[in-house]
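Reading through the structure tokens given below for one structure.
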Amino acid sequence: MSEPENATIINNEYVKEILSILTENGKDVSGLASLLGYVTSIESQLNKAVDELHSIQNELSGIREESGHPVRTAMEKTIHMLEARIDNLLEQLENIKARVIEGCKNAVDAFKHGGLSALNNFAKFFKIKPMLETMQSNLETDIKRDHASIAKIESVSTEYHAAARHIKNIGRALVGKEPITEIRPNGKFTKLISAAYRSELKSLTKSLRNVKKAINRLDNLDKSLDTKSASASTDQSADKASVVDAIKNFKEKQDKKVTQDVPVSEKSKHTETEL
């Protein structure tokens, strides 16, 4: 479900133009590039979450089980609920992207009419901090919900298997057999529903981290523009495309960074015991 490359924010004409204007006028755009990179990474993570939920849903469809199985029905509802949650976050992000693009357009217009001095207090063009803070709050709430749901799933599954074991042991005792002491692993439905929550949790955790970094970059945007990096070129004819490439590389680096996220459960084997 990943967006087409030409739909990403780093390919927008106004984003490219303001980056070029700033670069050609000796400004260090690394801070702005990082901000754009964080927004792009959030989008990538949320789209990845949707893709993984679709994969889990397809695996659920492939399990040979009656369609009316109560756990299967609950599982399907859970996936739809998680997808709706991610869609809501993606909608918030689209609004943030639209506001960023609008800010870049206004900055370009201001420069054309007032020159470089019109770009003083550059952060004023990006009215996205309240939106980022709202997204941060929503992500924190959803992450707490995921943690609570995973804990509940594991607890209920353990209790279910314990109750089933006790019932079987009563029957075994009546015929003189030794009781079953082995704790059976969670079944395929339990593994799938847990995997759905863990998949979302992983993506939301990464997204939250990038939202916080984006807010920090925004707060320090003006300062970063006036800070020359040691390797910054003073050549006024700098390659405009290199700025966009730098943002793409930044985004890829963020996606590949090793993190301590909650691992996604492996897909269940169809030979395992059902819940």
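The values are calculated or read from the model by the stated rules, or taken from the named source; none is laboratory data. Given the structure is predicted, the values throughout are model-derived calculations rather than measurements. Every residue, glycine as well, gets a Cβ built from its backbone with ideal geometry; the counts of neighbours run over all protein chains shown.
Inside segment 10-118, counting only helices (runs of 4 or more DSSP H) that do not spill past its ends, which hold 2 or more residues that are among the charged types (D, E, K, R) and either over 26 Å from N210 (Cα atoms) or at pLDDT below 90 (or both)?
70-114
I need the full set of residues from segment 127-149 which are in contact (Cβ under 8 Å) with a residue 60 or more places away in the chain and assigned to a helix (DSSP H, G or I), in order please.
Selection gives K129, L132, E133, M135, Q136, L139, E140, D142, I143.
Take E154 and decide whether it is loosely packed, with under 14 Cβ neighbours inside 10 Å, at pLDDT below 95 and part of a loop (DSSP other than H, G, I, E, B).
Judged against the criteria, E154 is not a match.
Does K124 count as in a helix (DSSP H, G or I), at pLDDT 55 or above, among the charged types (D, E, K, R) and surrounded by 11 or more Cβ atoms within 10 Å (Cβ to Cβ)?
Numbers: in a helix (DSSP H, G or I): yes; at pLDDT 55 or above: yes; among the charged types (D, E, K, R): yes; surrounded by 11 or more Cβ atoms within 10 Å (Cβ to Cβ): yes.
Yes.
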